[in-house]
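To start, the structure under review is shown below, and the notes come after it.
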Ligand code: WT7
């Protein structure tokens, strides 16, 4: 392999290829590679033509004049168009056979079940939109939603969209401090929450967190509280009102506001690698078209499908593929409130069996947890209703992909590994299940209208199998429009490095077939003796060892090599940690990648520090590996005890 220390090297060679099954391809919207390529070419050469065809499938109160106006880095889509997102998710279906089908199937962690048909959901959204109006929450106002994954989260989001209020969902696992920061940045005037929510059998005191966040005064003047867990809470006179009480004062008539295509839909905060969270702003028309067409083509979604995206509504995946994407397509979306291992590690499989789920969309971190908990939990259940599997959130290790395909998909479900970001709003690089052969670990090829490239530091596209930075050339409909109240940061962060090209922050390579392999965040790239190595490949090599469940690799400053490789490894249930195994793992990486990538140190860990959305926090591991005390921001950490355990000396 040629060494060029400006580029990221890529050593992982995954040769397995899975062709779409004939049976699946025959029924799919996109049936073969040639059809994909034809449509893709059109979408790049004539984006206006492609996207207006997609947009015409939706309902507009006023047709757009112009598809795109691009004054880099600012894009406007469907200019002059007026529409309403909630009308596209609800009203649009009420004149069809869909009015009486389930829009939302929901299960609470304690086991309650609810079904809302399109007609019922429409009514609830209209009523709650009237509650918002009654509380002087109008068009353009910002509203924080701090709710668990219950139907009311979708109702609240859709109600905001109906009147043109801008929602900002804050993940229910975040603390009072995080809520306060987001209120402050967004200038929200209202907040929607619940008394509490269920998590691993306990109650998360949502309202109490809100009270703490609002202490001392903020811009929030009204708090609407949904009664979920019936835990005791304080209601602040003049500020707090009950959701169910408010409903008594309103009727169910609420026509959808005709909103400009570029009207702000939501702000979603995402942690930057350093410091202050960024308020990613999405708008109405382009976002709708993006999530509508990705849900349609990537999941090849059908009227009779029950679609389960396991993400919390607090993440962009929950916005685009729990709520808006499936409903815009008139599908049935399944929502689950709780943890995957409550009361036992087979909760997901039980849900799939009982509800006959057809499409499952989850994260690699969850898949690795299932592997660790053992196959016996899966084997107890009939998963034959599944016809398609998806993953998102991180590079999926080929071994985890194979496990998912075999044990969950019964070797007959296509697996779509979908690459995208909070900023992109919708899926960007992905297999289309009837058309694109998959390779475990690769997100494969770009979605329609998306023009990604892997470039060197000068912005020049690199050759096949050479690593570099992943960029997107030009705008796409569901792209972020700015960072809320920080346009300078928007320009600098995403558009300053390569003119008119969006910088994703990820490293990647393209193989000889043009397939994209994401090697991780650029910030995580190691530099070992002049070799720039992506962490995900070394991690995948470790995970391919039979005894390993999960691995995180970081660099530690090293006088000789610049950085040395430190691997934190979680073993499968029942495997003993031993020094021999450490040696074996080092050799295993040597065989799979090469001597250069062999970890200098292997540390066994009971668990790895993760964000609440399941991303490994390599930044913290880096500090631990170099013996420093963890000093950076840990507010997004899921389980604090993990850190203390990691910092304790071994043996
Ligand atoms: C980052 C975005 C987009 C929904 C959830 C995460 C990583 C995401 C993949 C994938 C490899 C992936 C990237 C990306 N990522 N999907 N299929 N393969 N990496 O949203 O929190 O904004 O994170 O997640 O590093 O930049 P997010």
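The values are calculated or read from the model by the stated rules, or taken from the named source; none is laboratory data. On a predicted model such as this, the values are computed, not experimentally measured, just so you know. Reconstructed Cβ throughout: ideal geometry from the backbone, glycine too, with neighbour counts over all protein chains shown.
Here are some notes:
- Every condition in (1) surrounded by 23 or more Cβ atoms within 10 Å (Cβ to Cβ); (2) out of contact with any helix residue (DSSP H, G or I) (no Cβ under 6 Å at 6 or more places or on another chain); (3) modelled with pLDDT of 95 or more; (4) farther than 25 Å from residue 388 by Cβ is met by residue 502 except one, and the failing one is (2).
- Filter pass, residue 424 being within 16 Å of the ligand (Cβ to nearest atom) and either modelled with pLDDT of 95 or more or assigned by TED's automatic domain parsing to the domain that holds residue 476 (or both): yes
- Filter result (more than 16 Å from the ligand (Cβ to nearest atom) and either free of Cβ contacts under 8 Å to residues at least 40 places away in the same chain or assigned to a strand (DSSP E or B) (or both)) within the stretch 412-421: 413
- Annotation: of all residues in the stretch 194-206 being in a strand (DSSP E or B) and more than 22 Å from the chain's Cα centre (by Cα), the one that is farthest from residue 225 (Cα to Cα) is 202.
- Residue within the stretch 258-265 that is out of contact with any strand residue (DSSP E or B) (no Cβ under 8 Å at 6 or more places or on another chain) and closer than 24 Å to residue 148 by Cβ present: no
- Residue 436 being crowded, with 19+ Cβ neighbours inside 10 Å, more than 23 Å from residue 522 (Cβ to Cβ) and away from the ligand (no atom under 16 Å from the Cβ): no
- Where helices (runs of 4 or more DSSP H) fall entirely within the stretch 295-400, those with at least 3 residues that are more than 12 Å from the ligand (Cβ to nearest atom), outside the structural domain of residue 545 (by TED's automatic domain parsing) and surrounded by fewer than 21 Cβ atoms within 10 Å (Cβ to Cβ) are at 347-355, 364-373, 376-379.
- Any hit, the stretch 153-166, residues being over 22 Å from the mean Cα position of the chain (by Cα), in the same structural domain as residue 121 (by TED's automatic domain parsing), on the phi < 0 side of the Ramachandran plot and not in a helix (DSSP H, G or I): yes
- For the stretch 471-492, the criterion of being closer than 21 Å to residue 390 by Cα, at pLDDT 95 or above, within 15 Å of the ligand (Cβ to nearest atom) and assigned to a loop (DSSP other than H, G, I, E, B) is satisfied by at least one residue.
- Scanning the stretch 10-29 turns up no residue that is under 20 Å from residue 327 (Cβ atoms), over 26 Å from the mean Cα position of the chain (by Cα) and at pLDDT 95 or above.
- Filter pass, residue 587 being out of contact with any helix residue (DSSP H, G or I) (no Cβ under 9 Å at 6 or more places or on another chain) and either in a loop (DSSP other than H, G, I, E, B) or assigned by TED's automatic domain parsing to the domain that holds residue 374 (or both): no
- Subset tally (residues that are over 28 Å from the mean Cα position of the chain (by Cα), part of a loop (DSSP other than H, G, I, E, B) and under 16 Å from residue 603 (Cα atoms)) for the stretch 537-578: 5
- Test result for residue 519, within 20 Å of residue 397 (Cα to Cα), within 15 Å of the ligand (Cβ to nearest atom) and either surrounded by fewer than 24 Cβ atoms within 10 Å (Cβ to Cβ) or in the same structural domain as residue 585 (by TED's automatic domain parsing) (or both): no
- Those residues of the stretch 431-466 which are at positive phi and in a loop (DSSP other than H, G, I, E, B), in sequence order: 441, 449, 459, 465
- Top-ranked residue in the stretch 266-294 [being over 17 Å from the mean Cα position of the chain (by Cα) and either on the phi > 0 side of the Ramachandran plot or at pLDDT below 95 (or both); ranked as surrounded by the most Cβ atoms within 10 Å (Cβ to Cβ)]: 276
- Among the residues of the stretch 233-256, the ones that are closer than 17 Å to residue 138 by Cα and not in a loop (DSSP other than H, G, I, E, B) come to 1 in all.
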